[in-house]
Amino acid sequence: MGEPEADALGAFTCAAKGFGEQTSDGIWQAMFPGWDTPEGRRRHAEKLGQKWKDTGKDKNGIPHAVFLKAVLTDEDGTERIIGYSIWTQYSGVEGHGVTPPNSDQQLQTAKEKYPDDEREARFSHLIMRSLNRQRIEAIWAKVNDDNPAALVLDICVVDPAFQGRGAAKRMVQYGVEEAKRRGDLELMTEGSAMGRHVYTQFGFQQEGPEMDYGMPAEFQDRKMPSNIFMRTRPQKSI
Ligand SMILES: CC(C)(COP(=O)(O)OP(=O)(O)OC[C@H]1O[C@@H](n2cnc3c(N)ncnc32)[C@H](O)[C@@H]1OP(=O)(O)O)[C@@H](O)C(=O)NCCC(=O)NCCS
């Protein structure tokens, strides 16, 4: 990406349109309260820019995360952000990537998002824990490997007005090449109904069944998106 502050709002706005409006993704919406207000978008964009600036490095000085923006250049040379993605290197071994968050850390994040709403904080915590459970287990299962890291597609979204032009495919292609540069890392992600069609073309395979978020009765009425865990070196057949 270019300058964090300048790009983050454009990137977050794409996510608000793609996940917030187009697919009404209940998980994404729960993670970004206020996404549908200008003030909320600004606040989340600021955090996104900060996260980008704060990206740590592994023992070889390689940044843990790569923030990619998909851009269209207008005739007058103005750049318009039409999508973005984040690839993050995770590992259970220090110096090899970001340590996957444990349940307490996920709860803390949820409480920060909903400081005055215990119920929504609980929902946000449970849903994130369920969504990321398989990827976290898969990353920890690598601690004894020669290269104990994985490159994970944390988010990938394209503004609905610019979908179908190959933006997502180019961002995924970048991740595939980056994983090779980083020592032939495995790739992982959670595939939404729209995303899985793209990831399959780059060697991702489904591992395990369609996600069952295991929500308690009080949250059974929430509309949950379809997701599957996907990786390039699956361990078990489905
Ligand atoms: C999934 C997503 C990122 C794909 O972005 P994109 O830039 O449109 O994807 P691409 O143009 O690279 O196309 C990928 C494939 O999807 C197809 N496609 C993309 N949008 C489409 C649409 N609205 N209708 C039909 N097909 C579509 C493309 O034709 C292409 O298929 P092909 O390779 O068989 O030709 C985008 O649809 C999106 O942001 N969706 C909402 C949020 C989401 O679910 N993100 C993924 C989270 S895992």
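The values are calculated or read from the model by the stated rules, or taken from the named source; none is laboratory data. Computed from a predicted structure; not experimentally measured. Neighbour counts run over all protein chains shown; Cβ positions are idealised from the backbone, glycine included. Side chains are part of the model used for accessible areas, which takes the heavy atoms of the whole protein and leaves out ligands, DNA and RNA. Shrake-Rupley method; radii C 1.70, N 1.55, O 1.52, S 1.80 Å.
Values for this structure:
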item: Some residue of segment 53-62 being open to solvent by 30 Å² or more (accessible area, probe 1.4 Å), touching a residue at least 24 places away in the same chain (Cβ under 8 Å) and assigned to a helix (DSSP H, G or I); result: yes
item: Segment 170-201: number of residues that are surrounded by 17 or more Cβ atoms within 10 Å (Cβ to Cβ) and in a loop (DSSP other than H, G, I, E, B); result: 3
item: Residue match in segment 97-108 (condition: part of a strand (DSSP E or B), within 16 Å of the ligand (Cβ to nearest atom), open to solvent by 10 Å² or more (accessible area, probe 1.4 Å) and closer than 20 Å to residue 181 by Cβ); result: no
item: Tally, over segment 118-168, of residues that are assigned to a helix (DSSP H, G or I), away from the ligand (no atom under 12 Å from the Cβ) and loosely packed, with under 14 Cβ neighbours inside 10 Å; result: 3
item: Residue list for segment 175-210, restricted to those being under 16 Å from the mean Cα position of the chain (by Cα) and farther than 21 Å from residue 147 by Cα; result: 190, 191, 192, 193, 194, 195, 196, 198, 199
item: So residue 47, is it open to solvent by less than 90 Å² (accessible area, probe 1.4 Å), at pLDDT 95 or above, within 19 Å of the chain's Cα centre (by Cα) and of a type in the set (D, E, K, R); result: no
item: Members of segment 18-44 found to be buried (at least 19 other Cβ atoms within 10 Å of the Cβ), under 18 Å from residue 225 (Cα atoms) and of a type in the set (D, E, K, R), listed by number; result: 25
